[in-house]
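Q: I'd like to ask some things about the structure below.
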Amino acid sequence: MGQIFGAVAVLLVLLFSVLGEEVSYEGFKIYNVHTRTRTELELLQRVSNDLDLDFWSPAVLNKNASVMVSPWNDESFRNQLVKNNVEHRVIQNNVQRLIDHENVMNMIKTRKRRSTAQDDTIAKFDHFWTLEEIYQYLDDLKKQYPKLVRVMDYGVTHEGRPIKVITISAKEVVDEFHPVVLIDGGIHAREWAGHMAVLYLIHQLVERSAENMDLLSNTNWVIMPVANPDGYVYTHQSNRLWRKNRAPSNTVCTGTDLNRNFPFQWAFYGGECSIGYAGPTPASELETRAMMLLMAKYARVTQVYLAVHTCGDYILYPYGYDYVDAPNKAQLQELGDKAAAAVKAIGGPDYAVGSAAFLLYPANGSDDFIYGSFGVEYAYTLELSCSASSGDGFIISLEEMQKINKEAFEMFKVFGKFAGEQTVKPLTSSRQST
């Protein structure tokens, strides 16, 4: 009977996502689970699919994992942990309360901002921005800093929203002679801290350009701050914890995990209704194709690629799809260690650095794609910090967001300066980028 109820409840959640109704996480719990042996880790991975678990931070041996569990699977999950003597504790009894608190605090800060005088900068990191605010910000920067900023569309989403890219260059245009740092954020819709960290970087490069000229003198920046616009809007309007895009998978389920949709070492991850569904075919999604187009355009001059995610305090590099070492693993590790040290130097957490498969689990992604398909030698996924207040998860306080922004910026500075020291491969034609 419990299994039948669980299946019906899952279908109701899926139906709400299709109809656009607001999804409630009333009664959902977050567990902190510590796996001490390989057997315990395999148990956690095995019950993940059976009980439709949602990992907010990765399950890694000898580390804590944060897992969200539905009310209808809570008893079964707890029984499995107790039966197998797996160390665990409940750190949040009701996820919906976290979401409600986040909404209230965001609303208060937004209203307060409207009623108080502002300084000379456009960006205000006192609330989580909507897609409309993000796109307006990019357009405002384009108007106010025409010799530094260009904004363009790179395709549209399933729901017809533009996918915007900003280029930042002290030379006015991104040419074919200077190194590029290529960045995307928000490919997973619910990872709001990632969106805001990328926007904070844009703010520093543009509105604080005079203070950060060392990041601009020989480095161009190409940034897609919201790689999944439809999903991001959906997290603000209907389902705060939505991860995928919003293209229908079938008549019941919606969405593809865009980070699993890249063609390099594509594999079928989960069913059409699963949180990690990789799509029906490689590069089936409009957003994936837009990112691939952007990568192709700037591949020759891109010296560093960064995919910004949350959460977990990880700096990951290829390969992720399998337990295979990248040819320049030592160099990837060295640069990643420098970025981790920069965070630690300002009192931030200890970031673990390593290949995605060995450090976490095998899965393909955008960094594998640009590394394996386009030969960009320094490609990373940054898993920014989780929230301490919400139980190591995606729902972070405004104060935590501001702290994460500053820590991420220290990493961006390391990667940006490194890129600027590299030499771009010689041109094979007279073509010049715009």
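Q: Per-residue counts of other Cβ atoms within 10 Å, averaged by peptide: what ranking do you get for 140-149, 283-292, 218-227, highest first?
A: In descending order of packing, they fall as 218-227, 283-292, 140-149.
Q: Say the cut-off is 26 Å between C-alpha atoms; which of 29/413; 297/413; 143/244; 338/425; 142/413 go over it?
A: Beyond 26 Å: 29/413; 143/244.
Q: Quick check: the angle from helix 192-206's long axis to the longest principal axis of the chain, C-alpha only, nearest 10 degrees?
A: Relative to the chain, helix 192-206 is tipped by roughly 10 degrees.
Q: Kirkwood-based Rg over Rh for the range 220-327 (C-alpha set), two decimals?
A: Expressed as Rg/Rh, it is 0.97.
Q: Along the Cα-to-C-beta direction of residue 153, a point sits 7 Å from the Cα; which residues of the range 249-265 have their amide N less than 14 Å from that point?
A: Taking a point 7 Å out along Cα→Cβ of residue 153, no residue of the range 249-265 has its backbone N under 14 Å.
Q: Of the labelled options (1) 26, 60, 14, 0; (2) 23, 47, 22, 7, 0, 0; (3) 19, 47, 27, 7, 0, which one gives P(r) over Cα pairs in 20 Å bins from 0, in percent as computed for this structure?
A: Of the labelled values, this structure produces (1).
Q: Nearest 20 debye, what's the magnitude of the dipole of the chain about its Cα centre given +1 on Lys and Arg Cβ and -1 on Asp and Glu Cβ?
A: Computed charge dipole of the chain: roughly 420 debye.
Q: Sticking with this structure for a sec: Share of antiparallel DSSP beta bridges in the chain, in percent to the nearest 5?
A: Of all bridge pairs located within the chain, approximately 55 percent are antiparallel.
Q: Seen from all sides and averaged, what is the projected area of the convex hull of the Cα atoms in the range 51-184, in nm²?
A: Hull-based average projected area comes out at 13.9 nm².
Q: Same structure, new question: Determine one quarter of the surface area of the Cα convex hull of the range 29-96, which equals its mean projected area, and express it in nm² to one decimal.
A: 3.9 nm²
Q: Ignoring ligands, DNA and RNA, what percent of the accessible area of the range 147-264 is carbon or sulfur (1.4 Å)?
A: 49 percent
Q: Rounded to the nearest 20 debye, what is the charge dipole size of the range 29-96 about its Cα centre when +1 sits on each Lys and Arg Cβ and -1 on each Asp and Glu Cβ?
A: Roughly 260 debye for the range 29-96.
Q: Another question about this same structure. Summarise the accessible area of the range 29-96 (1.4 Å probe, protein heavy atoms) by the percent that is carbon and sulfur.
A: Answer for the range 29-96 is 39 percent, counting heavy atoms of protein chains only.
Q: Let me ask something else about it. Determine the calculated [θ] at 222 nm for the chain from helices alone, applying -39500 (n - 2.57) to every DSSP H run no shorter than 4 residues and normalising by the residue count; nearest 500 deg cm²/dmol.
A: It comes out at -12500 deg cm²/dmol, rounded to the nearest 500.
Q: Gap in Å between the Cα centre of the range 314-330 and the Cα centre of the range 132-194?
A: So the two Cα centres are separated by 28 Å.
Q: Can you tally the net charge around residue 198? Count Lys and Arg as +1, Asp and Glu as -1, for every other residue whose Cβ sits under 11 Å from the Cβ of residue 198.
A: Local charge sum for residue 198: -2.
Q: While we're on this one: With unit charges on the beta carbons (Lys and Arg positive, Asp and Glu negative) and the dipole taken about the Cα centre of the chain, which residue among 397, 378, 138 sits farthest to the positive side?
A: The Cα lying farthest towards the positive end belongs to 138.
Q: Could you grab the relative contact order for the range 127-421? Cα pairs under 8 Å, six or more apart, rounded to a whole percent.
A: 21 percent
Q: Taking the dipole about the Cα centre of the chain, with the C-beta of Lys and Arg at +1 and of Asp and Glu at -1, give me whichever of 193, 33, 318 is farthest to the positive side.
A: Of the listed residues, the answer is 193.
Q: Related question: Per residue, how much accessible surface does the chain expose to a 1.4 Å probe? Answer in Å², no decimals.
A: Normalised by residue count, the accessible surface of the chain is 42 Å².
The values are calculated or read from the model by the stated rules, or taken from the named source; none is laboratory data. On a predicted model such as this, the values are computed, not experimentally measured, just so you know. Note that each Cβ is placed from the backbone with ideal geometry, even for glycine, and that neighbours are counted across all protein chains shown. Remember, those area values only see protein heavy atoms, side chains included, never the ligands or the DNA or RNA. Shrake-Rupley method; radii C 1.70, N 1.55, O 1.52, S 1.80 Å.
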